[in-house]
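Heads up: the structure comes next, in structure tokens.
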Amino acid sequence: MGTNIELWTYRLFRNDCVYFEEVLGRSYVGPEDSGQSEKNPIMVAAGKKAALTRATGTYTFDEHLNAKGPEVTELATALQEFILKVDPAIEEVPKKLYVAYRTSQNIACVEIQKQKSLLFLKLDPKHVKGPPGISRDVSAVGHFGTGDLEITLRTAADFEAAKPYIVQAYQAVGA
Amino acid sequence: MMPLFQIAKDQLSPVPQENFLAEKQLQHLIETNLWPVFSCRLVASEFSTGAQHAGRIDTLALSEDGNPVIIEYKKVESSALINQSLYYLAWINDHRGDFELAVQKRSAQKRAWTGHMFESCASLQVSGSSICTPCR
């Protein structure tokens, strides 16, 4: 089972401010490698990778693009690039069913589907409505990942409309 | 790091840094603000790991995606912090039932936890551990 270890440090200031900073990036503690064997090394490597994925829950962004059309792939890649450029502190954490983007907490989750990508932002839909027509309040609706404001992305125009909200979600987290 | 400056009209004056007087102070501050800082919910403070493994996890929490989070605090930087955390991490991997019970106990007290949280608990995966330590 995979594990994240984070090391944070605090700075306490006399004017009643405290600042938390991650000093050691997410380090991953994986299972131990088992010994040598005389089997076909390629098959062994493939088997190991599959076993590692199952055992540790390590996934990649590219796995989410498997069997997706060129439009969806292009949009999802542009989205990934945009989110990661909002701030260098934002980390991508691919999960089995979605990809999370986070600093000290999740800012956005992306679920890449066959026809579209769903973006879940950590914004309160009661106060922030999101781009009209493609946004939905999912605070009481089951969905993968975290975030209460869902934005459905099918076209480049949808993505353009969503951009300011991604930035707003990042600023709201305050990291 | 550059100091932090306080703006007063046109004057900038550096804000001095200090340390918490006790680990407990830092722990209390984090525990009462788990949601705004780390998006976690408190499960238990000073969680005992039983007679066999005799230890106390400073803070046990549940992350926003439903994973257990162990938080250990130190007033000053030390490598013991990492070792201690790894030890508790191994313990919780081996005692998932204890964690689920602790979550249930806590959620019986606090109704604010939604059904959604319970679902995530049922499919428990141990993958979180954050550690807090101050700078020198």
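The values are calculated or read from the model by the stated rules, or taken from the named source; none is laboratory data. Here the structure is a predicted model, which means the values were calculated and not measured. Using ideal geometry, Cβ is built from the backbone for each residue, glycine included, and neighbour counts are taken over all protein chains shown.
Annotations for the structure displayed:
- Looking only at region B:51-99, and only at residues there that are assigned to a strand (DSSP E or B) and hydroxyl-bearing (S, T, Y), the one that is farthest from B:N19 (Cα to Cα): B:S63
- Evaluated against (1) within 12 Å of chain A (Cβ to nearest Cβ); (2) buried (at least 16 other Cβ atoms within 10 Å of the Cβ); (3) at pLDDT 90 or above, B:S39 falls short on exactly one condition, (3).
- Matching residues in region A:103-140 - criterion: being farther than 16 Å from A:K163 by Cα, within 14 Å of chain B (Cβ to nearest Cβ) and in a strand (DSSP E or B): A:N106, A:E111
- When region B:1-43 is filtered for residues that are of a type in the set (S, T, N, Q) and in contact (Cβ under 8 Å) with a residue 24 or more places away in the chain, the ones remaining, listed by number, are B:N19, B:Q27, B:S39.
- Against the conditions (1) out of contact with any helix residue (DSSP H, G or I) (no Cβ under 8 Å at 6 or more places or on another chain); (2) within 14 Å of chain B (Cβ to nearest Cβ); (3) surrounded by fewer than 21 Cβ atoms within 10 Å (Cβ to Cβ); (4) free of Cβ contacts under 8 Å to residues at least 24 places away in the same chain, A:L97 satisfies every one except (4).
- Scope region A:100-136; condition among the basic types (K, R), within 12 Å of A:D148 (Cα to Cα) and touching a residue at least 24 places away in the same chain (Cβ under 8 Å); matching residues: A:K122
- Residue in region A:145-168 that is more than 21 Å from A:K85 (Cβ to Cβ), outside any strand (DSSP E or B) and among the small types (G, A, S) present: no
- Some residue of region A:141-160 being aromatic (F, W, Y) and more than 14 Å from every other protein chain (Cβ to nearest Cβ): yes
- For region B:51-73, filtered to residues that are surrounded by fewer than 17 Cβ atoms within 10 Å (Cβ to Cβ) and either in contact (Cβ under 8 Å) with a residue 24 or more places away in the chain or touching a Lys or Arg at 6+ places or on another chain (Cβ under 9 Å) (or both), the residue that is nearest to A:Y101 (Cα to Cα) is B:G55.
- Check on B:L101, at pLDDT 80 or above, crowded, with 16+ Cβ neighbours inside 10 Å, of a type outside the set (K, R) and out of contact with any Pro (no Cβ under 6 Å at 6 or more places or on another chain): no
- Evaluation of B:W91 against (1) surrounded by fewer than 22 Cβ atoms within 10 Å (Cβ to Cβ); (2) within 15 Å of A:Q105 (Cα to Cα); (3) more than 10 Å from every other protein chain (Cβ to nearest Cβ) (one fails), failing number: (2)
- Looking only at region A:125-175, residues that are closer than 23 Å to A:L97 by Cα, small (G, A, S) and crowded, with 17+ Cβ neighbours inside 10 Å come to 5 in all.
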